[in-house]
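A.B. asks: I'd like to ask you about the structure that follows.
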Amino acid sequence: MKRRLFDHSELIELCEVPGVSGREERVREKISVMLGVEKSKLQTDKIGNLIFEKEGLANEKEVLLMAHMDEIGFYVSSLRSDGKLEVKNVGGIIEETLPGSFVQVFTKTGVVDGVIGAVPPHLKADGVAFEKVVDVGAKNRDELVELGIDVMDFVVFRKTFALLNNDYLAMRSLDDRFGCFTLIEVSRGVNPRSKVVFAWTVQEEVGLRGAKALASIYNPDLAIAIDSFACCSKQNAHIELGKGPVIRAFDNSSISNYEVAKFIVSLANKEGIPIQIGTTGGGNDASVFVEKGVPMIALSVPVRYLHSQVEMINLNDLENLIKLLTKFLEVF
């Protein structure tokens, strides 16, 4: 088996931490520990972004580097009299993947296992329809209260992972924990030319809220988002897992700076790092800085089955992304 520059078990541990938009505190705590720096060097702003500033050799410029901590999931919106939980989507849920899902409800006092049920084929003739509710085995509302469940508790899909053919990791919340992990790895080893602000952001999945808060404070020379690249379909059929990191040239929220993109492609070619360029949907944190006149670029790895319970990346792409970003920060 190939020896990698990073321990993928750390990435798995980070993905296992629950944290829907607005409830990223557990993820923030995990990243703070993984960074291995003095707590006094870390900042948490009012909305919950985690910030680590690293001085450069020249400090002529400032680079803001972002990855979002939050994941898709649900909030409990109502406790029903029949013991089921009504839930509200957080982020872009793929509705057709919900039937037959294992979930976990995070309460003030602990974790309650549950399921989102499915309609058996045996009962289709009865006209039974799928209902998007969480079943925790309670018979009524009183039992839900006894379990400690309340409105605004959050719900995530139960995490499991698979390492496929040595190189492919499939797991819920790789979006965007691979990005968070990239920032951790780069911050550990880079000696940047410019000052780098590493920011692990909140509430990206519900409108780039954490990045917008950062934009009220920082005015960098370049904003970089490390986020997922949804592949592989008609609009980006040339993008493949295993062929390197991706410059997210444009998406629904932004256009990556052409000159910076050209520079990164040239750097990748010089360093022998494979690189891909493509377009996709969705948005990214760096886009909010364009309105301030700050050039931006979005870097990623291809992600298959994005926003599902089996998101998949190639670990070689992730390793090459970490190498490329490190080299870029050393010369920019």
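A.B. asks: Might you check whether a residue that is under 21 Å from Ile322 (Cβ atoms), under 18 Å from the mean Cα position of the chain (by Cα) and not aliphatic (A, V, I, L, M) occurs anywhere in segment 208-228?
C.D. replies: Within segment 208-228, one or more residues are under 21 Å from Ile322 (Cβ atoms), under 18 Å from the mean Cα position of the chain (by Cα) and not aliphatic (A, V, I, L, M).
A.B. asks: List the residue pairs whose Cβ atoms are under 7 Å apart, where the first residue sits in segment 113-137 and is over 17 Å from Gly148 (Cα atoms) and in contact (Cβ under 8 Å) with a residue 40 or more places away in the chain, the second is open to solvent by 60 Å² or more (accessible area, probe 1.4 Å) and assigned to a helix (DSSP H, G or I), and the two are 6 or more positions apart or on different chains.
C.D. replies: Listed pairs, sorted by first residue: none to list.
A.B. asks: Looking at Leu169, Leu64, which is the one that is under 30 Å from Val331 (Cβ atoms), in contact with a Pro (Cβ under 8 Å, 6 or more places away or on another chain), crowded, with 16+ Cβ neighbours inside 10 Å and not polar (S, T, N, Q)? Walk me through it before giving the result.
C.D. replies: Details: Leu169 fails: in contact with a Pro (Cβ under 8 Å, 6 or more places away or on another chain).
The match here is Leu64.
A.B. asks: Out of the residues in segment 296-321 that are open to solvent by 20 Å² or more (accessible area, probe 1.4 Å) and out of contact with any strand residue (DSSP E or B) (no Cβ under 7 Å at 6 or more places or on another chain), state the one that is farthest from Ala211 (Cα to Cα).
C.D. replies: Among those residues, the one meeting the criterion is Asn316.
A.B. asks: Hey, another quick one. I need a count of the residues in segment 299-330 that are outside any helix (DSSP H, G or I) and more than 13 Å from Asp175 (Cβ to Cβ). Don't jump to the end; show me each part of the working.
C.D. replies: Filtering segment 299-330 down to residues outside any helix (DSSP H, G or I) leaves 299-314.
Subsequent filtering for residues that are more than 13 Å from Asp175 (Cβ to Cβ) retains 299, 314.
Selection size over segment 299-330: 2.
A.B. asks: Only residues that are within 12 Å of Thr44 (Cα to Cα) and either touching a Leu at 6+ places or on another chain (Cβ under 9 Å) or without any contact (Cβ under 8 Å) to a residue 40 or more places away in the chain (or both): list them for segment 199-210, please.
C.D. replies: Ala199, Trp200, Thr201, Val202
A.B. asks: Oh, and also: Does Asp150 fit the bill of being within 20 Å of Arg23 (Cβ to Cβ), open to solvent by 50 Å² or more (accessible area, probe 1.4 Å) and in contact with a Leu (Cβ under 8 Å, 6 or more places away or on another chain)?
C.D. replies: Numbers: within 20 Å of Arg23 (Cβ to Cβ): yes; open to solvent by 50 Å² or more (accessible area, probe 1.4 Å): yes; in contact with a Leu (Cβ under 8 Å, 6 or more places away or on another chain): yes.
Here the answer is yes, as Asp150 does meet what is asked.
A.B. asks: Considering Lys30, Lys39, which residue is over 25 Å from Ala215 (Cβ atoms), of a type in the set (Lys, Arg), modelled with pLDDT under 95 and open to solvent by 20 Å² or more (accessible area, probe 1.4 Å)? I'd like the intermediate steps shown before the answer.
C.D. replies: Numbers: Lys30 fails: modelled with pLDDT under 95.
Just one listed residue meets the conditions, Lys39.
A.B. asks: If you don't mind, there's one more thing I want to ask. Would you kindly identify the strands (runs of 3 or more DSSP E) lying entirely within segment 1-101 that contain at least 1 residues that are within 19 Å of the chain's Cα centre (by Cα) and among the aromatic types (Phe, Trp, Tyr)?
C.D. replies: Details: elements: 42-44, 50-54, 62-68, 73-79, 84-90.
Once the strands (runs of 3 or more DSSP E) in segment 1-101 are filtered for at least 1 residues that are within 19 Å of the chain's Cα centre (by Cα) and among the aromatic types (Phe, Trp, Tyr), what remains is 50-54, 73-79.
A.B. asks: Could we say that Asp142 is among the charged types (D, E, K, R), in a helix (DSSP H, G or I) and out of contact with any Ser or Thr (no Cβ under 7 Å at 6 or more places or on another chain) here?
C.D. replies: On the way: among the charged types (D, E, K, R): yes; in a helix (DSSP H, G or I): yes; out of contact with any Ser or Thr (no Cβ under 7 Å at 6 or more places or on another chain): yes.
So Asp142 fits the description; yes.
A.B. asks: Would you confirm whether or not segment 220-234 contains a residue that is open to solvent by 30 Å² or more (accessible area, probe 1.4 Å) and either among the acidic types (Asp, Glu) or part of a strand (DSSP E or B) (or both)? Outline the logic, then answer.
C.D. replies: Taking segment 220-234 first, the residues open to solvent by 30 Å² or more (accessible area, probe 1.4 Å) are 221, 230, 232-234.
Next cut, either among the acidic types (Asp, Glu) or part of a strand (DSSP E or B) (or both) only: 221, 230.
Yes, segment 220-234 contains a residue that is open to solvent by 30 Å² or more (accessible area, probe 1.4 Å) and either among the acidic types (Asp, Glu) or part of a strand (DSSP E or B) (or both).
A.B. asks: Has segment 94-101 got any residue that is buried (at least 19 other Cβ atoms within 10 Å of the Cβ) and farther than 30 Å from Tyr218 by Cα?
C.D. replies: yes
A.B. asks: If I ask for residues that are among the basic types (Lys, Arg) and open to solvent by 50 Å² or more (accessible area, probe 1.4 Å), which ones from segment 247-268 would you list? Full working, then the answer.
C.D. replies: Here is the first cut: in segment 247-268, the residues among the basic types (Lys, Arg) are 248, 262.
If the condition is that a residue be among the basic types (Lys, Arg) and open to solvent by 50 Å² or more (accessible area, probe 1.4 Å), then Lys262 is the only one that fits.
A.B. asks: Right, something else. Here are some conditions: (1) surrounded by fewer than 20 Cβ atoms within 10 Å (Cβ to Cβ); (2) in contact with a helix residue (DSSP H, G or I) (Cβ under 8 Å, 6 or more places away or on another chain); (3) at positive phi. Gly244 meets all but one. Which one does it not meet?
C.D. replies: Answer for Gly244: the failing condition is (1).
The values are calculated or read from the model by the stated rules, or taken from the named source; none is laboratory data. Computed from a predicted structure; not experimentally measured. A quick note on method: Cβ atoms are made from the backbone with ideal geometry, for glycine too, and the neighbour counts reach across all protein chains shown. The area values use the complete protein model at the heavy-atom level, side chains included, leaving out ligands, DNA and RNA. Shrake-Rupley method; radii C 1.70, N 1.55, O 1.52, S 1.80 Å.
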